[in-house]
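The values are calculated or read from the model by the stated rules, or taken from the named source; none is laboratory data. All values reported here derive from a predicted model rather than from experimental measurement. Glycine also receives a Cβ, built like all others from the backbone with ideal geometry; neighbour counts cover every protein chain displayed. Heavy atoms of the whole protein, side chains included, go into the accessibility calculation; ligands, DNA and RNA do not. Shrake-Rupley method; radii C 1.70, N 1.55, O 1.52, S 1.80 Å.
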Amino acid sequence: MAKKLWGTRFPKRTSMLTDKFTSSISFDKRLAKYDILGSIAHAKMLGIQKIIPKKDSNLIVKGLNSILKELKQGKFRFDQRAEDIHSNIQDALFKKIGKPAFRLHTARSRNDQIVFDVKMYMKDEIDNLAELITELEKAILKLAKNNSKVIIPGYTHLQVAQCVLLSHHLLSYIEGLERDKSRLSDARVRIDSMPLGACAFSGTGLNIDRNYVAKELGFKSVTANSIDSVSDRDFIIEVLAALSMLSVHLSRMAEDLILWSTKEFSFIDIDFSFCTGSSIMPHKKNPDILELIRGSVGKIQGDLSSVLILMKGLPSSYNRDLQLDKPPLFDAVDTVSDILEIFIPLFENIVIEKEAITARLTDESLFSVDIVEYLIKKGVSYREAHDIVGKMIRDCLDRGKKISFLSVKELKRYSSKLEPDFKKILNAWASVSLKESFGGTSPKLVAKQLDKWGKKLQ
Ligand code: ARG
């Protein structure tokens, strides 16, 4: 068992139950790489500053590099009974180089070390997540570009509303995802401040060079207050909040696709490779992946609230409660990565059911706003136009008639401003083409947006 980093003043051994209850190695072992990298930079700095003999500093760095190599090759054996990753690495180093290893923990505490490890981990994970989000955006963009002329009936309150381009709808996903990416990169800026040197919470009397360590490890700055450095986990909460928001977006996308893949909608076909079947109903092809994506949101929001609640009662400085920030952080990062990884190929394999969609565009209620706007352009007030069209629709529904089949005489009964030319707008293409206000669904504007995103995501 890895030797503890403390205990001399204890007159007796800690209970096995205590060891088991307090150990974090089962989850913080994933920080091993960062813990070693931090220790290498720290040991180098201690040598340069002559806080420890150069010879020992070199030996420590060599020993740590060899542990790092074992770790990369999957040969490093974690000690499942170690108190934490810091003790585990320290002990492995002692086994390699003997006594000089005792100098590594000079001017350092696990309190600043753990913050450092987590910050390094998060910077890497944010970069990975940003890449995955970009890949997903590209898959969505490709689907949009390949179907740029497809018009779908759009919904509000899940009731048929107006025509929109499918590509416009898909681009709305990219807008949200891009904001998620920028929220993560904003948070990354604040993570990029190096905490080592805060030590337990008050700094150190030894002549350390924190800027050297920060530079070695690629941090933009060093943290400016030692108490803040070990107390706060706002950087974790920020990222969890960004991931929660991202997961809400992913869930909404999943929900759209689930609806669109139903027989009732029939807008899309999800490839068999991303569906599952039923053990009792042989005919079923279920969108379980999308449902699990939607379901995962609860877990991620739970991770966020778990850290928020963890933090709310704590006094300043380090408290062991803080150990429990990692399982929710890791869970949220893993879950979101898994979702993104599967969502990308799922999107790449979606087939748009153009015929089924087109068949749905004959519903004239889709054009009600277009008729209102036609009348407004002819000088009718908005309120009157709304009433005129409302009456037309009600009569047509009552009489089982279509607006496009009304005679000129019948039309004039509703409004003298309704000329026969108005029937030209009663089709989906005309309807979307009219929406030329910036951000609207007109094919011209959407083509520009497709172009813009194509360049941006390259
Ligand atoms: N395992 C702790 C954490 O994850 C770090 C170790 C600090 N322990 C201590 N007794 N000061 O926060």
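Working with all protein chains in place, sort 289, 342, 280 by solvent-accessible area computed with a 1.4 Å probe, largest first. Before the final figure, lay out the partial values.
Numbers: 289 30, 342 55, 280 135 Å².
Descending accessible area places them as 280, 342, 289.
Going down the list 149/435; 75/215; 123/455; 96/215; 50/95, which pairs span over 19 Å between their C-alpha atoms?
On the way: 149/435 15 Å; 75/215 29 Å; 123/455 26 Å; 96/215 28 Å; 50/95 24 Å.
Correct reply: 75/215; 123/455; 96/215; 50/95.
If you average the sequence gap of Cα pairs under 8 Å that are 6 or more apart and divide by the length of the chain, what percent do you get for the contact order?
Details: 579 pairs, mean separation 72.8, N = 458.
Worked out over the chain, it gives 16 percent.
Rounded to the nearest 10 degrees, what's the angle between the helix 368-377 long axis and the longest principal axis of the chain, both from Cα atoms, 0 to 90?
Computed tilt is about 70 degrees.
Mind ordering 319-327, 9-17 by average Cβ neighbours within 10 Å, highest first?
319-327, 9-17
Ignoring ligands, DNA and RNA, what percent of the accessible area of segment 16-91 is carbon or sulfur (1.4 Å)?
Numbers: 2180 of 3810 Å².
Ligands and nucleic acids excluded, carbon and sulfur reach 57 percent.
Angle check, please: helix 166-191 long axis (alpha carbons) against the longest principal axis of the chain (alpha carbons), in degrees 0 to 90, nearest 10.
For helix 166-191, the angle is close to 20 degrees.
Given a 1.4 Å probe and the protein chains all in place, what does the accessible area of residue 86 round to, in Å² to the nearest 10?
10
Given a 1.4 angstrom probe, I'd like the percentage of the accessible area of segment 359-458 that is carbon and sulfur, rounded to a whole number. Mind showing how you got there, number by number?
Details: 3380 of 5850 Å².
In segment 359-458, the share of accessible area belonging to carbon and sulfur is 58 percent.
When the Cα centres of segment 298-358 and segment 77-102 are compared, how far apart do they sit, in Å?
That distance is 32 Å.
Compare 382, 155 by solvent-accessible area with a 1.4 Å probe and give them largest first, with all protein chains kept in place. Each step should come with its number before you reach the end.
Values: 382 125, 155 65 Å².
Largest to smallest exposure gives the sequence 382, 155.
Can you give me the angle between helix 32-48 and the longest principal axis of the chain, using Cα atoms only, in degrees from 0 to 90, rounded to the nearest 10?
The two axes meet at around 50 degrees.
Below 8 Å between Cα atoms, with a sequence gap of 6+, how large is the relative contact order for segment 249-335 in percent? If you can, show how the numbers build up before the last one.
Details: 67 pairs, mean separation 21.7, N = 87.
Relative contact order of segment 249-335: 25 percent.
Based solely on its DSSP helices, what 222 nm [θ] is calculated for the chain when runs of n ≥ 4 H residues each add -39,500 (n - 2.57) and the sum is averaged over all residues, nearest 500 deg cm²/dmol?
Values: 18 runs with 274 residues, N = 458.
Theoretical 222 nm ellipticity from helices: -19500 deg cm²/dmol.
What whole-number value in Å² describes the accessible area per residue of the chain for a 1.4 Å probe? Each step should come with its number before you reach the end.
Working: 23110 Å² over 458 residues.
Normalised by residue count, the accessible surface of the chain is 50 Å².
What's the ranking of 28-39, 447-458 by average number of surrounding C-beta atoms within 10 Å, highest first?
By packing density, highest mean first, the sequence is 28-39, 447-458.
What is the extension gain from residue 437 to residue 458, computed as 0.36 nm multiplied by their sequence separation minus the C-alpha to C-alpha distance, in nm to one decimal? List each step's numbers first, then the result.
Numbers: separation 21, 0.36 × 21 = 7.56 nm, distance 2.72 nm.
Between residue 437 and residue 458, full extension yields an extra 4.8 nm.
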